[in-house]
Amino acid sequence: MAIAIKFLTEFDGKALAKGEKGLKSFATLAKKVAGTLGVALSARAVVNYSKNAVKAFAADEKAAKSLGQTLKNTGNLVAGKGANSFIDQLQRATGVADDQLRPALQSLLNSTGDYTTSTKALNLALDISAGTTKDVGTVSNALAKAYAGNTTALAKLG
């Protein structure tokens, strides 16, 4: 829709009324387009949120299965029955997401081979992480290397 405004014309009132009518119809059209666009954008946001939620759930499920397999491989399956409960309690107490806690515990389990030692080390990693700018994954990997005899990573934490 094109709007033409004539500057050099005689004033007879009709042109002004016609211009006002054109502006009103343009405003109405703009509101309709904005409303339709808003609905389309909000629908797209819902779809994107749903896709991201499904991906996050799949990643969380994969991490839980991987931790379960590590518990089995290290002979800690019976002791690790409460691993999900332990992770859930840590998540609630510290505010650190379970998708960070599971891999951290798994890394420590791979190094120590013992569930109890790994849970204590994970608590230590959370304390160190809270006192430094390092994330739990980085700290737990450094602790896991230290359990294996390599203290260089711990020294780099400062």
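Results, tabulated for the structure shown:
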quantity: Those residues of region 78-93 which are open to solvent by 80 Å² or more (accessible area, probe 1.4 Å) and either modelled with pLDDT under 75 or part of a loop (DSSP other than H, G, I, E, B) (or both), in sequence order; calculated: Val78, Lys81
quantity: Candidates Asn150, Asn110 - the one that is within 25 Å of Ala59 (Cα to Cα) and surrounded by fewer than 19 Cβ atoms within 10 Å (Cβ to Cβ); calculated: Asn110
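The values are calculated or read from the model by the stated rules, or taken from the named source; none is laboratory data. These numbers come from a predicted model, not from an experiment. So basically every Cβ, Gly included, is an ideal-geometry build from the backbone, and we count neighbours across all protein chains shown. Ligands, DNA and RNA are stripped out before the accessible areas are found, and what is left, the full protein with its side chains, is counted by its heavy atoms. Shrake-Rupley method; radii C 1.70, N 1.55, O 1.52, S 1.80 Å.
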